[in-house]
Structure formats: structure tokens, C-alpha cells
Amino acid sequence: MSAEITIKQGMDLPMEGAPGSQVRDVRPQGPISVYPSEYKKLKFKVLVAEGDKVKRGGAIARRKDLTDFLVRSPVAGTVKAIILGDRRSLKEIVIEPDGTDEQESFPSFAADQLVKAGRQDILDVVISSGLLACIHERPFDNMANPAHTPKSIFVNGMATAPFRPDAAVLLQGKEAEFQAGLNALTTLSDGPVHLNVSSDLKGSSTALTQAQNVQVNYFAGPHPSGNTSTHIHYLDPILPGDVVWTLRVSDVIRIGSLLTTGVFPNTQRILVTGEGVKSEARGYADVLTGTALSDIFQGVLEDGDQRVVRGDLLAGETVNPAEDGVYLYDQGFIAIPEDRERILLGWYAPTKDQFSAHKVVPSAWLKDKLFSFGTSTRGSKRAMVLTGIYDPYVALDILVDPLSRACIAGETEDAVAMGILESVPEDFALCTFICPSKTDFGTIIADALAAIEQEGI
Amino acid sequence: MSNLTEIKETIEKKHDELRPQFEKGGKFEKMYPLFEAQDTFMLTPPDTTKGLTHVRDAVDLKRVMFTVVVALLPCLMWGIFNAGHMYYHDSGMDDVGMFMKIIRGMMIVMPIIITSYAVGGFWEVLFAIVRKHEINEGFLVTGMLFPLTLPPTIPLWQVAVGISFGVVVGKEVFGGTGFNILNPALTARAYLFFAHAPYMTGNVWSKFKMDADTVVDGYTGATPLGMGAAWGNEAKDVVAELANQGHTFWTMFRGLEPGSIGETAAIPILLGAAILIVSGVGSWRIMAGGVAGLIGTAILMNLLPSGESLSAAGEPVIRTTWSQIPFTYHLVMGSFLFGIVFMATDPVSAASTNTGKWIYGVLIGVVTVLVRVTNPGFPEGVMLAILFMNVMAPIIDYYVVQGHIKKRNAHLRKFSYAKG
């Protein structure tokens, strides 16, 4: 049974800086880093000391609350430094590769046997390899809790936010691993595994559209038709007490690769693009997990002040390309110009170079034009005045005005009744984008979700 | 082009020089909101995005608010011409020509607008400084809306008192723009209406006249509503009777008649409505709901039994009463159009949900007709209807949200099989 759903809400941003589909190889020039700090809210205990030798796939840290979860080294080498962050939390472990490929081996399965494998057997491998981090859990979008059995599993094979990697490019040459990963997922839930892909792919990308043992669903329409929350909302919405697990195509490939080869998968394909990246370099890169961003961005950024964002432009975090590295969960980095340009009487100037969804701005009347998007707020922060303008940008059955007010007022019970648990902050990114008062809905929703999680539902 | 760049750079440099004096620890720290307002008026702010979303739309609240002011300009221009026209008309000097009428109209209207902006602006800035919030561009709208609801003969001290009440009690005591319950401009209007009725009602145009004998209803400035209230449910052929007094649908539509500055003519208001709707700034749901509510209630009122009176020959004849006035008259009489287009659509005091906006609009139309037809105390009901629904808006929203939650839960229950 396959569903076909067309989303009417939302908007695609006509943004310059789209990538090509070429893939380059990036070799790390120096040491690589593992970042337990990428798993927010979790605490880790380090298992190695500086100078220790580790294998590829060797354990270097463990979760304090789930001791079976081990953080693994992507390469064989020597531990060079252990860096602590705030409140002595484990931030980063630096490993100098020694050029050998000594490997820790994990239990492996034949790809077609995975559907019949025991749930616990597969979970054990996924947990101890640290790849449980590739499986997220809703509500709250945390790392999956293996004590929960999800009512269904959602694999996101879409990319509507600017810029998320195209599933078809991620899958090139990885079709077998992907199918193996899907097979493994079917054992983890009593319900179906939903693979959600864009309607545009019908008849092509057979790895996605002809995937076995899962339910392939098609979504059409503008962003956020590619958001996982949208898929869940239409296919199997989250009721109080429900848990669903969510993955992306890259996560499934990685799990499939581990389970079929027994080797810790240490490369990942990431998207490097945006207007701040030189046009010839906009594309995909195969990198080693933990590669320094400086290796990826060397000679690639345009001149001038560029902001590099981990994730996508609607829901990503700013990183420092000189210091940070590639996280296990990463699938893209986008650079756009830092825009502090002040425009004379810009609040009413008939601008046609800056995109707007509002018909008060002349540029909103231009069709089929790509715009340059800098990081400017394009206006000053003000009290919320306009109402009812946000709902057309959210694909969930949620009234944005009352929900955001309930969140601001700390009325968490009301917020839950209004449907906040179906959402994650990225679902409100377009509201943040279009708000004339420059309200940050993502932060409002994130704070409320954090409060709800802490209080318990 | 290079000239503009030069100007821009000069301003930017000057502002950057001055900025430290207005920031924390500076000499004029307290005046920061004033500096911010001036700074972001001249140049877009240099701020960059924080948080998860890294790009923003080019729209700014200033542009949104100023669009409302632009939408009000046709009404203002008509109001200026009409004031000049009435001045000469009532003085028996109809043939002075367009130019003189406009000049006279400006002499009458501009002081009112300037007083409103100056006094209201003073309070806005004072509260911004004391309460340390930014100066909100919403005042640009309030400062223009309020004078357009006043008769042109209003004394300036009344304008000053009214706008002070509107800004301070109508808005700032609640925490400023975005937090007010009532529409500030209409609050100011209501305050003058109840506290200083003689200036707002009765013979408001007499100052212009050589012979002051016609009583004009002040709130609407439109005599028909005044007559209607006076007639009550007396049986007369209301439409014919109005026509006898010189009021047909088309005279009221055209609006070359006494009344408050901005509301007499339909065409400039419809022009403003078009600007608000096309630009997406004003809620078409509220406007459409209001018109639908007004028409529906007017038709219901038409169904009330007609009255009976004696003909010249002493025979009893059936004649229409005020409740049978057709809905087309309700649309153009008084200030309904102005109210529903510019006042009811204030997003802060209206219902915030889109379903709620429909209900809110419809009820404004309903209450307007009820007050006009059934209430002997007030000839016109638009102001009271909007203020009443401002107060009711949170309740409407509450029930809309509860209804939405119910609908959501019903939808979600369909999926609960998956829980086993």
C-alpha cells in the first residue's frame, strides 16, 4: 500500500547557489576529530587516554546513561588530544591516523537475511557501533531510545529545504547497502517502514521507488513537503504516548553497510554548496567522518565574509570552518554571505533584488527569478502584529498564532493539545522566514519542546 | 546613483559616530529608542540572523504599516476636498473652483492630522523611553486613522486629548503595540464621542455655515442615519423619504456630504481596501465577513413587519419603516465601509485565527445593523460594534482553538489502531 500526498502549504525559496551533482573526494590533511558533543543533552565517559592506539571502529567513549552505546573511531591511529567543553563535558577526541586500516569487526548478516534477523540482534550491533545516533525518535527528535518500540519507522528520501542533499545522489553506488538497511529497519518496529520520496522521482531512482519490504509513499508540493514531520502527520501521526523513529537516506545506507560488512562505515557523502561557495565547487563530497572543515572548504569559499551553516539554511547551526569538523550525523554544509549592508530607506525602497513572499514588497511579484540570500535580518525586530499569515506555511494541522502564544506564555499543556509534539523547530522555519516582525519561531518552539520534555508529557 | 551612495555613506558614518552616545553607558542612553527609530528609518539595520533559520524575507514591519498609511491616502485626499467643498457649499460659494476647495480643505484638515501625529508621537516616544521598548511603526497608522474619523470642525485641543487617551489608555498601559485589546484609534474616537459629545455630534458643520439650521448627525456625519434614528419605527416610505431629503444610494456612495473626514465616500475607501487586500496587509476575511454579516442582518431586518399610517385621505396604508431600509443603503450609510476596511482589520485587536476573523467580521456587520435599527440611543453602530468585537476577539479565538483541537483529536483517533 503506497500513499500519494500533495501538500498545498509552504513555499520553495528561489535561492541562488544550487549544487551540481558531481561528487569529489576530500582527503583529510591532518588529524580527524570525533565529537561526542554532537549528541546534545547526552553525557559521555572517555575510554581512551592521549597516546593510546585505536583501531577503525574502536571504542573511544561510552554514553553514561546507556553504557552499551560506544562512540567509535572512524580511523585507526593514535589519540592525540581529548578536549573538554563546558562543565567538563567531553567535547572532542582528536585522532592522528596512522595510515593502517586495522579494524574492529562487528557481527555481519547477509543482506536478504536481515528481514528475518532478531530485533535484539540488530539493535545490539546498532547500539554498540554508535550508529544508534543515526536513528532519531519523535516526539522531541532525540537519539532513539532502544527501550521503546516505535509504532512505525519513517525514512526521509526527500530534500525540499534549501539545501538538503538529493537522495538520488547520496544513493549512487550505495543501492545495495540502502536496501540492506531498509531490511534491517523492518525488524525494529511492529508497524510499517515508510520510505517517503518525491513524486518527481516516479519512474526513476529505482533504489528508492522500487525499494523492497517497505511502504513507498510519494509526496508532492513545495517545502515543507520533504520534512519528516509532514510525512508523519499524513501517514501515522503521533498520539500522546506514541513513539516513531526517523532516519534519512544517508543513515539507512550507513546502517546497511555496517550490518552487511561488519566494518565500521567511516565515509559519508555530504553536500557543500550555497552562494558563498565558488560555483565550480558546489556539489557533493565524500569525506571521512571527523574531517576538519578546513580541509573541505580550502579554496572553496568565495571572498568576503561567509557564514557556514551545518545542516540547511532553514534549520542549521553556524559553524566555524577553521575549527570545526564533520559530525557523524552531518549531511551538508552551506555557505552564504554575511550581509551587513545597510540600504538607504530600505524599509520602503522598491527592492527587487531581495526575495519576499509578501505582496507588499515589489520583488514578490517577480516570477521565476533566483535571488541572492544573505544573512541580513532585512528589518528590525518588533512586537508581533500581523496574525493568521503563518498557517499557509506549515504543513501540519496546527494554528501557528495560538500555538506560539501558548509557548511564549509557558502554557505547555495547551501547546501539547494544539499539536506541538508532532513538530520539531524546523517545521516553523518558513514562519520565521516570512515574519515581518522578525520573530524567531524556531527558538520559541524549541524552548517549549525542551520544557515539555523536562516536565514530562 | 553615486550621489545616493554618497548620501548613504555619510548618513551611515554619522550614525556610527553617534551610536555610542545612545548605547548603554552613553550620554543619551535613555534616548536609545529614538535613535533606533531614526537609524532604522534612514538605513536598514545591519543585524544578521541568529538561531536556526539563517535567511529572512525582505519584508519589514515598517513597510507593512506604511502600506496601511498609503491605503488611507485616497480617503485623506477625498476628505480634504470634501471639507473644502462643504465649507464653500454651506457658505453658498459653490463656484469657487476645485483649487480653492482643496486649499481650504487642507487648511481645515492638515492641522488636525499634524496635531494627531505630534501629540500621539510624543506619547509613543515617551513610553518607548520609559518602558525601554522600540518605537513601533504601528503609530503611523493610528496617527492617521484617528483624525480621519473626526468631523473637520473638531477643535485641535480635542484632537490632542483624544489621541493622548487612545495611545496611553488604548495601547501603552497594556504594554504597547501588539498587546492592546482595543483598537487605539477607535478608543480615542470613542473617548471623544462619550466624553465630549457636543463637539462630535449635533451641529458639527455649523462653524462653516452662514445660517446654521440643519442638524447633522455628528458621529457619522451622515444625516440619513440621524433621521433614521429619529424616525424609529414610524411608518413612512423610508427610501422615498430619504430621497426627499436629498439622500439616495448614489449621493451616499459618492460622499460629497457632511461627515467625518475620511469616511463619507465609498470609492476612496474601496481603493484603500483594494490596496490592503492585494498587498495582503489587511484581512479580506474580516472585510468579507463584515459585509456578509451586514447584508444578512439587514435582509433579516427587512422581514420585520412594515408599519401602518394614514394616507392623506385618512385611509390606513402600509408603509416601510426604518428597519426596511435596504442593505445597499446600510453599506454606504455612515462609516461602515471605513470601519470594516481600516478599523476592524487591525490585526492586534482582531481575532488572530483565520476562522476567528470570519466570525469576528460577520458579528461586526450584525451588531452594526442591530445598533442602527433597533437601538434608539445611537444612530450609528460601527464604532460600538468594532469595539465590542475587539473585546470579544479573544473569546472567539478561544473557541476556534478549542474547536480545532477537537477536530485534530478526532482526526488523530482514526490512526490509533496502530497503538494496538
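In the range A:439-449, of all residues being among the small types (Gly, Ala, Ser) and over 20 Å from residue B:412 (Cβ atoms), the one that is nearest to the other protein chains (Cβ to nearest Cβ) corresponds to A:442.
Just one of (1) farther than 22 Å from residue A:380 by Cα; (2) within 10 Å of chain B (Cβ to nearest Cβ); (3) assigned to a loop (DSSP other than H, G, I, E, B) fails for residue A:327. It is (2).
Name the residues in the range A:305-326 that are in contact with a Gly (Cβ under 8 Å, 6 or more places away or on another chain) and either in contact (Cβ under 8 Å) with a residue 12 or more places away in the chain or within 26 Å of residue B:63 (Cα to Cα) (or both), would you? Passing the criteria: A:306, A:307, A:308, A:309, A:310, A:311, A:312, A:313, A:315, A:325, A:326. Evaluating residue A:149 against the criteria (1) surrounded by fewer than 21 Cβ atoms within 10 Å (Cβ to Cβ); (2) under 15 Å from residue A:249 (Cα atoms) leaves one unmet condition, (2).
Residues in the range B:370-393 that are in a helix (DSSP H, G or I) and loosely packed, with under 13 Cβ neighbours inside 10 Å: B:391 only. When the range B:84-130 is limited to residues that are touching a residue at least 60 places away in the same chain (Cβ under 8 Å) and more than 30 Å from residue B:169 (Cα to Cα), the one that is surrounded by the most Cβ atoms within 10 Å (Cβ to Cβ) turns out to be B:86.
The residues in the range A:402-433 that are facing chain B (nearest Cβ under 7 Å) and more than 24 Å from the chain's Cα centre (by Cα) can be counted, and the count is 3.
Just one of (1) closer than 19 Å to residue A:289 by Cα; (2) modelled with pLDDT under 95 fails for residue A:79. It is (2).
Would you mind telling me which numbered condition in (1) closer than 30 Å to residue B:134 by Cα; (2) assigned by TED's automatic domain parsing to the domain that holds residue B:143 residue B:10 fails? Here residue B:10 meets the rest and fails (2). For the range B:65-80, the set of residues classified as within 16 Å of the chain's Cα centre (by Cα) and either at the interface with another protein chain (Cβ under 7 Å from one of its Cβ atoms) or among the β-branched types (Val, Ile, Thr) (or both) consists of B:66, B:67, B:68, B:69, B:70, listed by residue number. Scanning the range A:2-25 for residues that are more than 14 Å from every other protein chain (Cβ to nearest Cβ), more than 30 Å from residue A:194 (Cα to Cα) and surrounded by 20 or more Cβ atoms within 10 Å (Cβ to Cβ) yields a count of 0. Residues considered: A:13, A:42. Of these, the only one that is in contact with a helix residue (DSSP H, G or I) (Cβ under 8 Å, 6 or more places away or on another chain) and under 25 Å from residue A:265 (Cβ atoms) is A:42. Quick check: is even one residue across the range B:186-202 assigned to a loop (DSSP other than H, G, I, E, B), surrounded by fewer than 19 Cβ atoms within 10 Å (Cβ to Cβ) and within 14 Å of chain A (Cβ to nearest Cβ)? No: zero hits. In the set (1) in a loop (DSSP other than H, G, I, E, B); (2) at negative phi; (3) away from chain A (no Cβ under 14 Å), the condition left unmet by residue B:99 is number (1).
In this structure, is residue A:436 more than 17 Å from residue A:142 (Cβ to Cβ), surrounded by 21 or more Cβ atoms within 10 Å (Cβ to Cβ), at the interface with another protein chain (Cβ under 9 Å from one of its Cβ atoms) and without any contact (Cβ under 8 Å) to a residue 60 or more places away in the chain? Spelling it out, it is not the case that residue A:436 is more than 17 Å from residue A:142 (Cβ to Cβ), surrounded by 21 or more Cβ atoms within 10 Å (Cβ to Cβ), at the interface with another protein chain (Cβ under 9 Å from one of its Cβ atoms) and without any contact (Cβ under 8 Å) to a residue 60 or more places away in the chain.
You will find that of B:398, B:360, the residue that is outside the structural domain of residue B:141 (by TED's automatic domain parsing), closer than 30 Å to residue B:65 by Cα and more than 22 Å from the chain's Cα centre (by Cα) is B:398 and no other. The set of residues in the range B:12-63 being more than 25 Å from residue A:384 (Cα to Cα), outside any helix (DSSP H, G or I) and either facing another protein chain (nearest Cβ under 9 Å) or among the charged types (D, E, K, R) (or both) consists of B:24, B:27. Could you run through the range B:224-281 and say how many residues are crowded, with 17+ Cβ neighbours inside 10 Å, without any contact (Cβ under 8 Å) to a residue 12 or more places away in the chain and in a loop (DSSP other than H, G, I, E, B)? Residues flagged as crowded, with 17+ Cβ neighbours inside 10 Å, without any contact (Cβ under 8 Å) to a residue 12 or more places away in the chain and in a loop (DSSP other than H, G, I, E, B) within the range B:224-281 amount to 1.
Selection within the range A:346-366: residues that are modelled with pLDDT under 90 and in contact with a Leu (Cβ under 8 Å, 6 or more places away or on another chain). The member of this set that is farthest from the other protein chains (Cβ to nearest Cβ) is A:352. The strands (runs of 3 or more DSSP E) found wholly in the range A:1-88 and carrying at least 3 residues that are farther than 25 Å from residue A:453 by Cβ occupy A:4-6, A:23-25, A:32-34, A:77-84.
Can you name the number of the only condition in (1) in a loop (DSSP other than H, G, I, E, B); (2) touching a Phe, Trp or Tyr at 6+ places or on another chain (Cβ under 7 Å); (3) within 14 Å of chain B (Cβ to nearest Cβ) that residue A:190 fails? Failed condition: (2). Could you pull out the residue among B:337, B:331, B:363 that is more than 14 Å from every other protein chain (Cβ to nearest Cβ), in contact with a helix residue (DSSP H, G or I) (Cβ under 6 Å, 6 or more places away or on another chain), buried (at least 18 other Cβ atoms within 10 Å of the Cβ) and closer than 20 Å to residue B:149 by Cβ? After applying the criteria, what remains is B:337.
The values are calculated or read from the model by the stated rules, or taken from the named source; none is laboratory data. Not measured: the values here are computed from a predicted model. Using ideal geometry, Cβ is built from the backbone for each residue, glycine included, and neighbour counts are taken over all protein chains shown.
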